[in-house]
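Every number in this text was worked out from the coordinates using simple rules, so none of it is lab data. Model, not experiment: these values are computed from the prediction. Backbone-built Cβ (ideal geometry, glycine too); neighbour counts: all protein chains shown.
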There are 2 protein chains.
Amino acid sequence: MKNMNFSISATCESATRTVVKARNFQMIIDEPAALGGSNNGANPVEYLLGALSGCLNVVGHIVAKEMGFDFKGMKIDIEGGLNPAKFLGQPSDERTGFQHIKVKIRPNTTASEETLNEWAKVVEERCPVSDNIGNATPISISLGK
Amino acid sequence: MKNMNFSISATCESATRTVVKARNFQMIIDEPAALGGSNNGANPVEYLLGALSGCLNVVGHIVAKEMGFDFKGMKIDIEGGLNPAKFLGQPSDERTGFQHIKVKIRPNTTASEETLNEWAKVVEERCPVSDNIGNATPISISLGK
């Protein structure tokens, strides 16, 4: 198959508020007051977790259909912990991002536990956002005017 | 420093539409019609790129302040390409997520190119979302009722 490209364009309106355009959609990203922001939107790491949930949903439905079991959707809770030291410029041996991301999926289905365990394994393997978080992805930054 | 926890809760309203709650904020994630969705919002991989832009903004401002140069914000364009074969269940040797993410930053500053190159290097190292994409992060999925 041919590669597909996706892109966004972001305007940094303050030190914490970012307005993102993705096609005709907008995301408002900010930090809570406790992290120095104006709390106008979810913060970047919450958006990361949100992206993961949305991707698991799409792939979850595709794989359930392929496996042929009754699947009426799901709820997904995701949490992660990080140490803000390095982010804030303090000496730290900890990584700056989430150290571990925990996903709890509550599917609405009559499928067996065995079927669902196999389903979850395949979903994680085929989910693009899970891949980009679970495995290293090269990021290149260039500067322009 | 103490670890900080972040979490989201997602309701999968259709095979492509996901409504995410992060504290008191909401994200509507969907797929365009070409990917089988109802196009009610940006898609999961666009949210991933958006999260990266928001995080680069916050860290960019912190590092510029530390380095003591004049910094009046920036625009950030991010793009990535992925091959949808594995995601869609077709045989493929390609990874399922973005193969490469390209970030173009246009800072509004009078700082020298040398200063900005150093700044960009430090920003990438300290940005939590860059870390979670650039380096492997363990994801654990559990199933519940």
Other protein chain Cβ atoms within 10 Å, averaged over every residue that makes up A:30-40: 2
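Pop out the Kirkwood hydrodynamic radius of the protein assembly as shown from its pairwise C-alpha distances, inverse of mean 1/r, in Å to one decimal.
Details: mean 1/r = 0.0525 Å⁻¹.
Here the Kirkwood hydrodynamic radius works out to 19.0 Å.
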Virtual spin-label span in nm between A:E13 and B:Q90, 7 Å along Cα→Cβ: 4.0 nm
Separation of the A:N24 and B:R23 label points, Cα + 7 Å toward Cβ, nm: 3.1 nm
For the range B:40-145: lysine pairs under 26 Å (alpha-carbon distance), excluding those fewer than 8 apart on one chain: 13
Computed FRET value (nearest 0.05) for B:E125 with B:K2, which takes r as the C-beta separation and R₀ as 22 Å: 0.55
Copies compared at A:S92 - label distances in nm, ascending, label defined 7 Å from Cα in the Cβ direction: 3.4
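With a 10 Å Cβ neighbour count serving as the proxy for reagent exposure, in which order, fewest first, do A:S38, A:S9 appear? Display every interim value, and only then the final one.
Details: A:S38 14, A:S9 17.
So the ranking, lowest neighbour count to highest, is A:S38, A:S9.
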Rounded to the nearest 20 debye, dipole of the range B:43-134 from Cβ charges on Lys, Arg, Asp, Glu: 220 debye
The range B:93-145 versus the range B:1-47: alpha-carbon centroid distance in Å: 20 Å
Ranked B:S142, A:S92, criterion: other C-beta atoms within 10 Å, fewest first: B:S142, A:S92
Kirkwood Rh (inverse of mean 1/r, distinct Cα pairs), the range A:1-86, angstrom: 15.7 Å
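For a test of the definition: using alpha carbon positions, the gyration tensor, and the 1.5 limit on a/c, classify chain A as rounded, prolate or oblate.
Values: a/c = 1.98, a/b = 1.67, b/c = 1.18.
Judged from the Cα gyration tensor, chain A comes out prolate (a/c at least 1.5, a/b above b/c).
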Cβ neighbours within 10 Å from other chains - mean over A:58-70: 3
Other-copy label distances relative to B:N135, 7 angstrom Cα-Cβ extension, nm: 1.9
